[in-house]
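Worksheet for the structure shown next.
Coordinate-derived values only; no laboratory data. Given the structure is predicted, the values throughout are model-derived calculations rather than measurements. Quick reminder, even Gly has a Cβ in these numbers, built from the backbone with ideal geometry, and neighbours come from all protein chains shown.
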Amino acid sequence: MIHSLFLINSSGDIFLEKHWKSVVSRSVCDYFFEAQERATEAENVPPVIPTPHHYLLSVYRHKIFFVAVIQTEVPPLFVIEFLHRVVDTFQDYFGVCSEPVIKDNVVVVYEVLEEMLDNGFPLATESNILKELIKPPTILRTVVNTITGSTNVGDQLPTGQLSVVPWRRTGVKYTNNEAYFDVIEEIDAIIDKSGSTITAEIQGVIDACVKLTGMPDLTLSFMNPRLLDDVSFHPCVRFKRWESERILSFIPPDGNFRLLSYHVSAQNLVAIPVYVKHNISFRDSSSLGRFEITVGPKQTMGKTIEGVIVTSQMPKGVLNMSLTPSQGTHTFDPVTKMLSWDVGKINPQKLPSLKGTMSLQAGASKPDENPTINLHFKIQQLAISGVPRSLHSKTF
Amino acid sequence: MSGNSFAYSEQAGGGEATELGQEATSTVSPSGAFGLFSSDLKKNEDLKQMLESNKDSAKLDAMKRIVGMIAKGKNASELFPAVVKNVASKNIEIKKLVYVYLVRYAEEQQDLALLSISTFQRALKDPNQLIRASALRVLSSIRVPIIVPIMMLAIKEASADLSPYVRKNAAHAIQKLYSLDPEQKEMLIEVIEKLLKDKSTLVAGSVVMAFEEVCPDRIDLIHKNYRKLCNLLVDVEEWGQVVIIHMLTRYARTQFVSPWKEDDGLEDNEKNFYESDDEQKEKTDQKKKPYAMDPDHRLLIRNTKPLLQSRNAAVVMAVAQLYWHISPKSEVGIISKSLVRLLRSNREVQYIVLQNIATMSIQRKGMFEPYLKSFYVRSTDPTMIKILKLEILTNLANEANISTLLREFQTYVKSQDKQFAAATIQTIGRCATNISEVTDTCLSGLVCLLSNRDEIVVAESVVVIKKLLQMQPAQHGEIIKHMAKLLDSITVPVARASILWLIGENCERVPKIAPDVLRKMAKSFTNEDDLVKLQILNLGAKLYLTNSKQTKLLTQYILNLGKYDQNYDIRDRTRFIRQLIVPNEKSGALSKYAKKIFLAQKPAPLLESPFKDRDHFQLGTLSHTLNTKAIGYLELSNWPEVAPDPSVRNVEVIELAKEWTPAGKAKKENPAKKFYSDSEEEEDSSDSSSDSESESGSASGEQDEEGDSSEDSSEDSSSEHRSDSESVSEVGDKRTAKRNSKSKGKSDSEDEEKENEKSKTSDSSSTDSSSVEESSSDSESESESESESESKKVTMEKEKKTKEDRNLTKDVSLLDLDDFNPVSTPVVLPTPALSPSLIADLEGLNLSTSSSVISVNTPVFVPVKTHVLLHRMSGRGLAAHYFFPRQPCIFGDKMVSIQITLNNTTDRKIENIHIEGKKLPMGMQMHVFNPIESLEPEGSITVSMGIDFCDSTQTASFQLCTKDDCFNVNIQPPVGELLLPVAMSEKDFKKEQGMLTGMNETSTVIIAAPQNFTPSVILQKVVNIANVGVVPSGQDNIYRFAAKTVHSGSLMLVTVELKEGSTAQLIINTERTVIGSVLLRELKPVLSQG
């Protein structure tokens, strides 16, 4: 399976290598650099690159390429999914997954990688087990280790690996038993010029933070489970029970985990809670264009819209923009032609707007398309799909 | 030390500085490591010194720095000798880092690596399974050919290990050994075969991986494990699932006939809707008859379905390709939703999934049509994703949705990502050729694009228009004229070449324009791209042939230019054309046909998807992604014409059962049979078949009275039984041998020998007199049992024997004394607890004599649980029930006594009821009841018998026969009935418990409502499940129970310790860990029940 792993930063330095079988020379990465050069942007580097003797499968996250070297046929998703799991694990361990952090914790990283794969085949990928094997570094532990001379490696061998529930560590104890469930929904919509929705779909996840003593067996039921017709589960959820009774029954891992994610398909009409009014015009004759956008709420059930960020890739012909926002801050990068406007909260009484002029390249004809506007926003306590109206009960 | 901050300092100057600081804190003398110019060698020198220091902290720091070097890809091999010395370090982290180092460099330093081998060999024997496993892991990762035999041995041993975790690691080691030395293949296949039989979900994924690596062609090894793998699949860890599903897909393609014919048949029927009913029926009959899906085929498809909801994209993809390749076409549709869901994942996952969808959507549009909008391109998608999405949209385009799609495409063309815009134009071209209704619309749209400001867009449009026009050139004179005008502005060579070709091809339709174009081109010939030059030559030749009057000179001018061109292609072409078209004396016969050669009707190019032929690669594989055969790709075979014998999958199972003969395995055999005979029923029940397996198991014999035996435990226990029975038989032999020697042992010398032997085998356990007393009190509770008189008889005999013995040895006389004065005399007995016959003696003695001593908190009433041995329906009126009276067996001290109640429910006499055809696993013995001559109608009779189960829960199968019939029946003992209560004091209990720790201890946490933790409830529950004696306890929150196994007399200590907050710890200490863990599993649900 996976022979070696190389971590490459955006400037093309290999800053970590790990081999599970015999050593593969790092010169194999030259093929990768070649492909990277050909693809102008980092995210356009093909995930699978064949070389004469090896295949390079890569994942790009947090500005780091994780390049796995394999030698024989293997389902590519197997490797890619695993690499993503590695990144998730690092993030879980160190909070962020970035080059300096990995360099600072290289020993822990190495120890974790050693446990995650045996001979290139995944061995322990559950963070609960890994954390029992190798404790994540914290400031407190570093201090304690310095004083007492103890180490990050767990002194007790984990038994979880041997149990029927490999995702849960054993011997969990809490004085306060608590469990939190977060329902996070994302709408992903394409809206055309006139404001009508072309496609919209909802992607939801239920993230849980469970801190319960012992081996709790939980059940979670939904008010309208019909909505959840396209779901994927954490391995702890019992498939059979869901299929027969539409009840989630599971022994949770300890700590934070993603219980399930669901997908509400594009067929259902989705009410988009926000609208954008735009008036962008270029004039053929003059080198000035007008630019005006306004963001407003729509069907939010009384909730405030927060964290609104508007980004737009302006056409090449735009040299500069002089804009004034009614609230928030905006930036325009004349090199990448990227306009971004951090709006913040939307006050329904006074709608935020961004007005101004664009200076265009003199002599150039007007751009024939309007720029695309990307809009990000957050609404607390509102679920578009109506899924989370649910009850939950615990049984031990 | 907070090593993280400076552990990775290397040669850099900054590194040196931190190092200095570190040197100051560590005890190592920093000789020579100073200075900016200190060489690498010196630097390693100080690492060496740190490794040799006494302090763990220094060693650890050194190791951390070394690992930092390895991570950076720097060579640290010269430190090998210093590092290897620390392989046996006590500090776990040092040890782990040394392992990391060792695995990395052992290959380079083979001789030195051998130094470490003995450490691992020792660890392979460690009682802790995790240590054994990690030792095997590291040992097998050391790629040193000399140790191949050691590795082979270790793998063989580990593959028979009791712990599934160790077996899992053995499976991993197989692959490593194979890559190190492929000559071991045959031996390794044997191990794989053995591990494939393993029932643990932990092992399954790893061993299938090993199978795929070592011997993927040995499909015959899978046959007998096929069903098991299907059933275990849901519980296997996610990575294993991927591997197993891929392997099973290949398996299914070789073993089952194609399910696709049926579908074709159905389609036919739909088409022939207006045929008469009869005809249709005939047809369906014809078509339906030959194909019926193998139940095993169905089993695989059904058991993989829930995995579509896995969070792991690789698992979902694996199931999707399984459905695509082996399920009936009507069922493939269910995968589309899950695949579309994966599109919300990371870009790399999207990339692979979209590729696979592209391949699927070519063959079966219908699957993804409902999800059309999910493939709409987002402005944030990377280009490669956008292009794949376009590909799918093209595949999905049809008359109904083309108008919306074209509108969507219009937006895409305007995209600032020009590569994507160009791809969109290609797509429009393809849509135009595929759907004839929109060809004109597309063409006019493309012509509009010709006036686009972006050159790339225009060029791409020209190329596409050229292709479109080639298909229907007649009507498009206007477009050609328009394009000819474009020649002035367009600079992209491909586009210019396309226009020239187009004009040349249609030169007769635009007779005025063509020569003018040639004129212009002749002017700029020298500055054109090679591609364009070639087309200019072509255009000239064509015009020369059709309109030589106007263009003769122009063409010759161009040919002259071409003759001296730098590019040899162009020179060649020039020469060729000149010979062909310009008539001269040398020109051969060909020039007559020049016109035909140049102006032949050319077939329109086919615009095809690049994914058209990819489906000959298995979906989801690397080869499919690359569209070339990857190293190690295993071809997916075509369906066989005739299915290979399906019985290979079940025959083996039955053979297996025979090998193990009835008892332990019978339970497994039955469900297997059931599965075949009642495959319909099987299909109806939507439970997973591991469920139904246990169900049918209980139905077939109803001997499965441990109702709580969960899927896992039944799997586990059965696998344990197997290994257990082996060990038991061994132990059994030893014991009988010992007993023989004992019974002979009447002389002093022999007795001494006996003592030695005893103390040798069980030096760990010793009890003083109080335990004897306790045991007496305990067996008192037994005294209420029915067969008191009988056991008394036995005791009398034994008494006599001991009386004889008394005169001969001191020990035994003491024992006898005890017999007469049960309450007094602190006697030290060497090993009563472990020698079963002696214990039995003691009990016997006590039964007869010391009836006045009754233990305080007993007796607890235990309701007798009866089990059905033979149901009256299946026994033709003869019904038989059995129960365990929980008293020492009168037929032999190693037997469990069983009482069988026989009922005659018929209206006639049943005669000559007796037992025949005993089928017992190795070592088991059975004492049958005397034949019953006759049983009156409505009459019932109770008989007792004894079975020596060898301390295992294996089934005893035998035939219960009457004069006319024989019925197969089974008895499987609950584990709690394999025990006899032992009484002891709290002190002794603790002492014994202290000796049975580590491997011999199993424990679990119970959670239940507080009302379940009252003393009486706990007592009741424990005693209900297991035949144990209560040990008086000094603490309120701890309950202790003691027993010994009937056959081997090993102690079984049960402790229930109440903790705060409605939890309790259940601990079982015993030498017989298998029984201990089974008992633990049975006690746990009962105690936690509300």
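Numerical summary
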{"read-out": "The stretch B:76-114: trypsin sites (Lys or Arg not before Pro) falling in loop per DSSP and having at most 16 other Cβ within 10 Å", "value": "B:Lys90"}
{"read-out": "Nitroxide proxy distance, nm - points 7 Å out along Cα→Cβ at B:His871 and B:Asp964", "value": "2.1 nm"}
{"read-out": "Listed residue pairs exceeding 31 Å between alpha carbons, taken from B:Lys329/B:Lys373; A:Lys240/B:Lys1044; A:Lys63/B:Lys85; A:Lys63/A:Lys193; A:Lys135/B:Lys55", "value": "A:Lys240/B:Lys1044; A:Lys63/B:Lys85; A:Lys63/A:Lys193"}
{"read-out": "Derived scalar couplings ³J(HN,Hα) [the stretch B:430-441; Karplus, 6.51 cos²θ - 1.76 cosθ + 1.60; whole Hz; x for Gly, Pro]", "value": "5, 4, 5, 6, 6, 10, 5, 4, 9, 4, 5, 4"}
{"read-out": "Taking only Cα atoms of the stretch B:125-228, radius of gyration then Dmax in Å", "value": "12.7, 39"}
{"read-out": "Histogram of C-alpha separations across the stretch B:465-515, 10 Å bin width, %", "value": "27, 61, 12"}
{"read-out": "In nm, spacing of pseudo-spin labels at A:His330 and B:Gln601 (7 Å Cα→C-beta vector)", "value": "6.1 nm"}
{"read-out": "Convex hull projection area averaged over all views, the stretch B:975-1090, Cα basis, nm²", "value": "6.2 nm²"}
{"read-out": "Measure of compaction for the stretch B:279-429 (Cα Rg per 2.2 N^0.38 Å)", "value": "1.25"}
{"read-out": "Efficiency of FRET from Cβ geometry, A:Ser340 and B:Ser524, R₀ 41 Å, rounded to 0.05", "value": "0.30"}
{"read-out": "Rounded if a/c under 1.5, otherwise prolate or oblate - the stretch B:92-163, Cα gyration tensor axes", "value": "oblate"}
{"read-out": "Kirkwood-based Rg to Rh ratio, the stretch B:988-1034, C-alpha trace", "value": "1.01"}
{"read-out": "Long-range HN-HN contacts of B:Asp198 with modeled amide H, under 5 Å", "value": "none"}
{"read-out": "Other-chain or far-sequence residues with amide H under 5 Å of B:Val1031's (modelled H)", "value": "B:Arg1040, B:Phe1041, B:Ala1042"}
{"read-out": "Protection-proxy order for peptides B:228-240, B:196-208, B:565-577, B:512-524, each taking the mean of Cβ atoms within 10 Å per residue, highest first", "value": "B:196-208, B:228-240, B:512-524, B:565-577"}
{"read-out": "FRET efficiency estimate (nearest 0.05) - Cβ-Cβ, A:Ser25 to B:Ile1038, R0 60 angstrom", "value": "0.45"}
{"read-out": "FRET efficiency estimate (nearest 0.05) - Cβ-Cβ, B:Asp454 to A:Thr294, R0 25 angstrom", "value": "0.25"}
{"read-out": "B:Gln925 long-range amide H proximity, modeled H, under 5 Å", "value": "B:Asp948, B:Cys950"}
{"read-out": "For the stretch A:328-338, 3J(HN,Hα) per residue [Karplus equation, 6.51 cos²θ - 1.76 cosθ + 1.60, θ = phi - 60°, Hz, x = Gly/Pro]", "value": "x, 10, 9, 9, 9, 9, x, 7, 8, 6, 9"}
{"read-out": "Relative counts (whole %) of C-alpha pair distances in the stretch B:312-370, using bins that are 5 Å wide", "value": "4, 19, 34, 27, 13, 3, 0"}
